[in-house]
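What follows is one structure encoded as C-alpha cells, with my remarks underneath.
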Amino acid sequence: MFRMIIISACLVGEKCRYTGDGFDYPTLRQLVEEGLAIPVCPEVLGGLPVPRVPSEIKGGNGFDVLDGKAQVKTNQGADNTAAFMCGAAEVLVVAQQYGACMAILKERSPSCGSKMIYDGTFTDHRIPGCGCTAALLMREGIRVCSEESYSVLRNKCTTGKPPVICLRDWLRV
Ligand code: SF4
C-alpha cells in the first residue's frame, strides 16, 4: 500500500506564513510534484488569515495544548488556542484520508514545529518541544520530521537511487 506524506504548505511555496510569505525547498516541492506529498497549512485550515499576528505556545508545548494545560496566544495577548486545535484536527483528517505515515513540518512553528518551538515570550527564545499539529500527528502514530531533519532521513533511506525514488520505495508498506 502506498502512503502519502503530509507537508507544511509554506515549505513548498505557499504564501501562508503569518508574514504573508512562504519558503521554497526544491527537494520538498519535488515530493508534491511527484504526487508523494500533500501540502497543508494547519493555521489556515483552522480559520486564521494571511497575514496574521504571530502566535506562540504559552506555558508548555503542543502536547500540553492538546491536553488543555497550555494555550496559544498572539503577541497581543489574544487566545488562538481554538483555531490551532481546529487546524490540527483538520490536518489529521487529511492525513487519515490519505493514509499518511509521515509528515514533514516546518520547524519552530507553534503548529508545525517538531523539535523546537518559541517559548511564548516573543523574545526569539527557543525551547525543545513541538507544535500543536505535530503533537496530534505524533499521538496518532504518524512520523513527524522537520525540513531540517528530512535531509538526514532521506540520506538514511537512499542508497544511490534518486531521493524521490527511494522515498517512494520506503513509503510502500
Ligand atoms: S509553519 Fe505550518 S502553520 Fe505555519 S505557515 Fe507553515 S504550514 Fe502553515
Subject >> Net charge of neighbours whose Cβ lies under 9 Å from the Cβ of ARG108, counting Lys and Arg as +1 and Asp and Glu as -1 >> reply: +2
Subject >> Relative contact order for the range 5-171, counting Cα pairs under 8 Å that sit 6 or more residues apart, in percent >> reply: 21 percent
Original post:
So what are the ³J(HN,Hα) numbers for the range 3-16, from phi and the Karplus equation (6.51, -1.76, 1.60; θ = phi - 60°), rounded to whole Hz, Gly and Pro as x?
Top reply: 10, 7, 10, 8, 9, 4, 4, 5, 7, 10, x, 5, 8, 10
Subject >> 3J(HN,Hα) from dihedral phi, the range 55-71, Karplus parametrisation 6.51/-1.76/1.60, rounded to Hz, x for glycine, proline >> reply: 10, 9, 7, 10, x, x, 10, x, 4, 5, 5, 4, 8, x, 9, 8, 10
Subject >> Built amide H within the under 5 Å cut-off of ILE117, gap 5+ >> reply: ILE127, GLY129
**OP:** Give me the number: length gained by fully extending VAL94 to LYS115, i.e. 0.36 nm times residue separation minus the C-alpha to C-alpha distance, one decimal in nm.
**Re:** 5.3 nm
**OP:** With everything on Cα atoms, drop me the angle between helix 81-97 and the longest principal axis of the chain, reported from 0 to 90° to the nearest 10.
**Re:** 20 degrees
Original post:
In angstroms, what radius of gyration and Dmax does the range 5-171 have, counting Cα atoms only?
Top reply: 15.3, 50
Subject >> Rounded to 5, the percent of DSSP beta bridges in the chain classed as antiparallel >> reply: 45 percent
Original post:
How do THR74, THR19, THR123 rank when sorted from fewest to most other Cβ atoms within 10 Å of their own Cβ?
Top reply: THR123, THR19, THR74
**OP:** Take the Cα of THR27, step 7 Å along the line toward its Cβ, and report every residue of the range 108-127 whose backbone nitrogen sits under 20 Å from that point.
**Re:** 108-109, 113-116
**OP:** Below 15 Å Cα-Cα, how many Lys pairs turn up in the range 5-171? Only count pairs eight or more apart in sequence, or on different chains, if you could.
**Re:** 4
Original post:
For all pairs of alpha-carbon atoms in the range 1-60, what percent lies in each bin of width 10 Å, listed from the first bin to the last filled one?
Top reply: 22, 44, 27, 7, 0
Subject >> Beta bridges per DSSP with both ends in the range 67-150, % antiparallel, nearest 5 >> reply: 45 percent
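No value in this document is a laboratory result; all are computed from the given coordinates. Just so it is clear, the structure is predicted and the values come from calculations on it, not from any experiment. When we count neighbours, we look across all protein chains shown, and the Cβ atoms used for this are built from the backbone with ideal geometry, even at glycine.
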